[in-house]
Amino acid sequence: MSSKSKIIFTGGSGLLGSEFRKIRPDIDYPWWEDFNVTNLDQMRQYVRSNGCDVLVHAAAFTSPPLIDKDPLQAIEVNIIGTSNVVKLCMEFNLRLIYTCTDYVFKGDKGNYKEDDPVYPVNKYAWSKLGGECAVRMYDRSLIIRTTFSPSVFPFARAFVDQWTSRQSVSLIAEKISRLIDMDITGTIHVGGERRTVFEFAKSLDQSKEIGELSIKDVSFAVPVDTSLSCDKYNKLTRQ
């Protein structure tokens, strides 16, 4: 990708976006008041005025329990908003990079490859898959399925019976940054080794006391094993 390419990043105030601001000051991170994914006309005007070659779409409503209570917001932002982004990219011939989730998988086997069947188990994941469906309609797109958390685990307890490829947001941001600079399309998984959420939480800070939690103890549906096969990414980046 040319160093002169103009990149816009949606969701710049979110967890991933905040990390990207530290490592990629060359990217434009418009505030949602100026680039609201639910307002296609506003996004059109922003692109006309500021220019864009690549759009990284990370803005999303991401809380499973809140989405169970308010699915309409997830429809507006994650499905309709992403569809608007796809329309925008089609109109202006922009390269699109969409950050999706490991939760699109049922979670009954783990080590999921990019072409494995998807079957979400909660409304959050269905809304992200809805966005992914729109992105798949556009040939100049890259879907990145991933999972991450703050570099300091934000909860007092962690699941001992849920397996994941989750990594700290700092590591995931670095990995996604490499993909932005590669002119590739399709779908790719980005993550680390398979382990329980509890093991992941402990790996962030061995000195921090983390309690044990079961997925049976929460009120919302949680997939058991959404660990990702990241062989494609590792080969592409020669890791």
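Here are the numbers:
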quantity: Single residue of segment 106-154 satisfying the filter (among the acidic types (Asp, Glu) and closer than 28 Å to Asp70 by Cβ) that is farthest from the chain's Cα centre (by Cα); calculated: Asp108
quantity: Top-ranked residue of segment 1-23 - restricted to ones that are in contact with a strand residue (DSSP E or B) (Cβ under 8 Å, 6 or more places away or on another chain) and part of a loop (DSSP other than H, G, I, E, B), ranked as surrounded by the most Cβ atoms within 10 Å (Cβ to Cβ); calculated: Gly11
quantity: Residues satisfying the stated conditions in segment 1-52, i.e. closer than 21 Å to Val190 by Cα, free of Cβ contacts under 8 Å to residues at least 60 places away in the same chain and aromatic (Phe, Trp, Tyr); calculated: Phe9
quantity: The listed residue being closer than 25 Å to Asp53 by Cβ and not charged (D, E, K, R), out of Val160, Val135, Val152; calculated: Val135
quantity: Leading residue by the ranking (farthest from Met43 (Cα to Cα)) among those in segment 79-105 that are outside any strand (DSSP E or B) and touching a strand residue (DSSP E or B) at 6+ places or on another chain (Cβ under 6 Å); calculated: Phe105
quantity: Residue in segment 41-57 that is in contact with a helix residue (DSSP H, G or I) (Cβ under 9 Å, 6 or more places away or on another chain), within 22 Å of Asn122 (Cβ to Cβ) and surrounded by 15 or more Cβ atoms within 10 Å (Cβ to Cβ) present; calculated: yes
quantity: Residue among Asp225, Asp205, Asp181 that is closer than 20 Å to Glu114 by Cα, acidic (Asp, Glu) and in contact (Cβ under 8 Å) with a residue 12 or more places away in the chain; calculated: Asp225
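Readers should treat all values here as calculations from the given coordinates under stated rules, not as data from a laboratory. Since the structure is predicted, the reported quantities are computational estimates derived from the model, not experimental observations. Positions of Cβ are backbone-derived with ideal geometry, glycine not excepted, and every protein chain shown enters the neighbour counts.
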